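Presented below is the structure to which this report refers.
The values are calculated or read from the model by the stated rules, or taken from the named source; none is laboratory data. Everything quoted here is computed from the prediction, not taken from an experiment. Because the Cβ atoms are built from the backbone with ideal geometry, glycine has one as well, and the counts that use them run over all protein chains shown. SASA here: full protein model, heavy atoms, side chains in, ligands and nucleic acids out. Shrake-Rupley method; radii C 1.70, N 1.55, O 1.52, S 1.80 Å.
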Amino acid sequence: MTEQRDPRTLYFHEKFKSQQQDTPALQRQMEPEPDCGEDSYQGSGKLAGRKALITGGDSGIGRAAAIAYAREGADVAIQFFPPEEEDALDVVEAVKDSSGKFMLFPCDLREDGAATALIEAVVDELGGLDILVLNAGQQIAQQSISELPIEQVKTTFTVNIISMFEAAQAAVNHLQPGSTIITTSSVQATNPSPQLLDYAATKAAISNFTVNLAQQLAAKGIRVNGVAPGPIWTPLQLDGGQFPDKIPEFGQDSLIGRAGQPVELAPVYVFLASPESSYVTGQIYGVTGGTNINL
Ligand code: NAD
Ligand code: MG
């Protein structure tokens, strides 16, 4: 029998301590450290023999997916922003008892051609690719459009969405029928916050790209879906993603009354990657704590 647990108190549900970090924020310096399933996620062979790449896999949501995929038996490559190597090494430690390969691919997705080169390197090293999770992203809050540097708009679009076009284009010829692409969108795609003008626009673009690419790739037997998280406790929030005064109450306005933890996203990323979701394509899955109630 499984224990029935109250979602409101299942994870950290106090006020967060005020905290900020320099860019890039590291998960290992957060208080409390986000829960990516390091001590809890148990696999059952759902992805045995699959080859997966997760971008932004060093921390937060990508780390939770990486740990879950490795423990489900996949060979896993994670991409990460090079200065976040310490976090990436913590993921290596978390999956050291898993059976498959686990490989690190540092690269800066703001650089021209970086996403294409990443895919080619991963396909070479893993000997193929079946699961592509496009999850890396940047979020920098600005009070008003007058204060929003156009250079920031460009890098937010490059990292969050243009790199997805590049990666998907480079990957598509390597993906066999049965492969899946999973993007990380956001509630911001449909419920934008005014201080996230550029970020929210990239997330709307990601959702649109996801369902539209599903239409192209279904004919090849490739499914494409997205995940739209609500407020999740990750480093993204601590180096400019939120205004500092918003941190203590982060996520408390959700219906569940607290921020989500990355581990709460892991089962959705596993489901969308596995053949259990064989009839699911062109969908965006919300894991939001109920912050966006839409019919
Ligand atoms: P995170 O900071 O842990 O992960 C983002 C990762 O993106 C970083 O770890 C980094 O490796 C990578 N990245 C950032 N800039 C990069 C660059 N220039 N080059 C290469 N890699 C770069 O935060 P997270 O919250 O887990 O974010 C993962 C995804 O989830 C993002 O797409 C984010 O927009 C999305 N998301 C997060 C939330 C939330 O509340 N945390 C909500 C909705 C959507
Ligand atoms: Mg990180």
> Does Leu89 qualify as being part of a loop (DSSP other than H, G, I, E, B) and of a type in the set (A, V, I, L, M)?
Replying inline: no
> Could you say whether any residue in the range 10-29 is open to solvent by 10 Å² or more (accessible area, probe 1.4 Å), among the aliphatic types (A, V, I, L, M) and at pLDDT below 95?
Replying inline: no
> Looking only at the range 232-246, which residues are surrounded by 19 or more Cβ atoms within 10 Å (Cβ to Cβ) and outside any helix (DSSP H, G or I)?
Replying inline: Ile232, Trp233, Thr234, Leu238, Gly240, Gly241, Gln242
> Taking Asn225, is it part of a strand (DSSP E or B) and either modelled with pLDDT of 95 or more or more than 16 Å from ligand 2 (Cβ to nearest atom) (or both)?
Replying inline: yes
> Which one of these does Arg50 not meet: (1) more than 22 Å from Ala259 (Cβ to Cβ); (2) within 16 Å of ligand 2 (Cβ to nearest atom)?
Replying inline: (2)
> Asp112 fails exactly one of the following numbered conditions: (1) away from ligand 2 (no atom under 16 Å from the Cβ); (2) closer than 23 Å to Thr210 by Cβ; (3) open to solvent by 50 Å² or more (accessible area, probe 1.4 Å). What is the number of that condition?
Replying inline: (2)
>> Residue under question is Ser144, and the condition is that it be open to solvent by 20 Å² or more (accessible area, probe 1.4 Å), away from ligand 1 (no atom under 16 Å from the Cβ), hydroxyl-bearing (Ser, Thr, Tyr) and at pLDDT 95 or above; does it hold?
In response: yes
>> Out of the helices (runs of 4 or more DSSP H) lying entirely within the range 94-199, which hold 2 or more residues that are closer than 30 Å to Gly73 by Cβ?
In response: 114-126, 163-172
